[in-house]
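Working notes, beginning with the structure itself.
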Amino acid sequence: MEGHRLLKRESIFEGKVVRLYLDKIMLPDGREAEREVVHHWGAVGIVPLVERRELVLVEQYRHAPGESLMEIPAGKLLPGEDPLECAKRELEEEVGMKAGRWGFLCRFYTSPGFSNEMLHLYLAEELYEGDACPDDDEFLKVHKLTLEKAYAMVREGSVRDSKTIVGILAACLIAGMRAPI
């Protein structure tokens with residue numbers, strides 16, 4: 001829907017990961033409104049699939065929700081960085097694996113109500129050993145789960161990270177798994 005127009009942008013905060021803006025916009029009916037916008041450089045998520053039967057996930061503590069989450073390997077894009085190159089780097093850094101075959105799955109906004117963060121999702125197959133070297137502030141535990149177990153964890157609510165839910169469902173579709181309803 002067209003008709004929204006930016007009138008003024010004020011920078012509120014600039015950090016390592018995000019920038020926060022207060023935007024004044026013109027609505028389609030002529031009224032003005034304010035929107036808080038989180039600017040993010042974007043990110044990648046990787047669905048590492050082992051012989052179309054197992055998925056490699058990482059478990060890590062996330063400060064914002066205050067709990068450990070099971071997630072697909074992922075990482076932030078550097079400004080101007082190619083998403084596939086970022087995905088290759090993050091897979092090796094986080095789980096110590098490389099992939100012989102890569103496929104683009106989709107891209108999506110993670111929370112378009114307040115952020116422009118775009119996540120690029122890739123499939124990684126034909127996995128082989130690389131060198132794990134997580135960032136100094138990342139404490140990761142690597143898990144291999146069957147697709148059935150990963151899907152069950154989504155259904156029961158123990159996987160709550162949106163990129164991971166999308167990744168698990170994509171892996172199930174790719175493997176031809178029929179989800180129980």
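The values are calculated or read from the model by the stated rules, or taken from the named source; none is laboratory data. Small disclaimer: the values here were computed from a predicted structure and weren't measured. All Cβ positions, glycine included, derive from the backbone under ideal geometry; neighbour counts span all protein chains shown. Note: accessible area is taken over every heavy atom of the protein model, side chains too, but ligands, DNA and RNA are not part of it. Shrake-Rupley method; radii C 1.70, N 1.55, O 1.52, S 1.80 Å.
Worth a mention:
- The stretch between K98 and R35, if pulled fully straight at 0.36 nm per residue, gains 18.6 nm over its current Cα-Cα span.
- The dipole here belongs to the chain: it is taken about the Cα centre, uses +1 on the Cβ of Lys and Arg and -1 on the Cβ of Asp and Glu, and is about 640 debye.
- Applying the criteria of a DSSP loop state and at most 15 other Cβ atoms within 10 Å to the trypsin sites (Lys or Arg not before Pro) of segment 139-181 yields R160, R178.
- With Cα atoms, 0 to 90° folded angle of helix 83-95 axis to the chain main axis: 50 degrees
- Solvent exposure of the chain amounts to 60 Å² per residue of accessible area, where only protein heavy atoms count and the probe is 1.4 Å.
- Between the beta carbons of M26 and V142, assuming R0 = 45 Å, the FRET efficiency works out to 0.35 to the nearest 0.05.
- For segment 1-75, trypsin sites (Lys or Arg not before Pro) are listed when DSSP marks them as loop and at most 11 other Cβ atoms sit within 10 Å of their Cβ; the list is K16, R31.
- Two-site FRET efficiency, E59 against S11, from Cβ-Cβ distance with R₀ of 45 Å, rounded to 0.05: 0.80
- Other residues whose C-beta falls under 13 angstrom from the C-beta of V154 contribute a net charge of 0, scoring Lys and Arg +1 and Asp and Glu -1.
- In the chain, excluding the sites themselves, the longest stretch lacking any of the GluC sites (Glu not before Pro) that are in a DSSP loop with at most 13 other Cβ atoms within 10 Å is 52-137.
- Across all directions, the shadow cast by the convex hull of the chain built on its C-alpha atoms averages 12.5 square nanometres.
- Largest-first ordering by accessible area, 1.4 Å probe, given options F114, F139: F139, F114
- Seen against the Cα atoms of the chain and their longest principal axis, helix 162-174 is set at about 50 degrees.
- Maximal additional length on extending the V18-A175 stretch stands at 53.0 nm, based on 0.36 nm per residue less the C-alpha distance.
- Highest GNM mean-square fluctuation among M153, M97, M26, for the chain modelled with Cα contacts below 10 Å: M26.
- Accessible-area composition of segment 31-181, carbon plus sulfur, in percent [1.4 Å probe]: 52 percent
- Relative frequency of Cα-Cα separations exceeding 12 Å in segment 90-148, percent: 75 percent
- Placing unit charges on each Cβ (+1 for Lys and Arg, -1 for Asp and Glu) gives segment 26-181 a dipole about its Cα centre, and among Y109, L119, M177 the Cα reaching farthest toward its positive end belongs to M177.
- If R0 is 41 Å, the Cβ-Cβ spacing of F114 and E51 corresponds to a FRET efficiency of close to 0.55.
- Heavy-atom accessible area ranking, 1.4 Å probe, most first, across T164, T146: T146, T164
- Length gained when the stretch S68-D82 is fully extended (0.36 nm per residue, less Cα-Cα span): 2.2 nm
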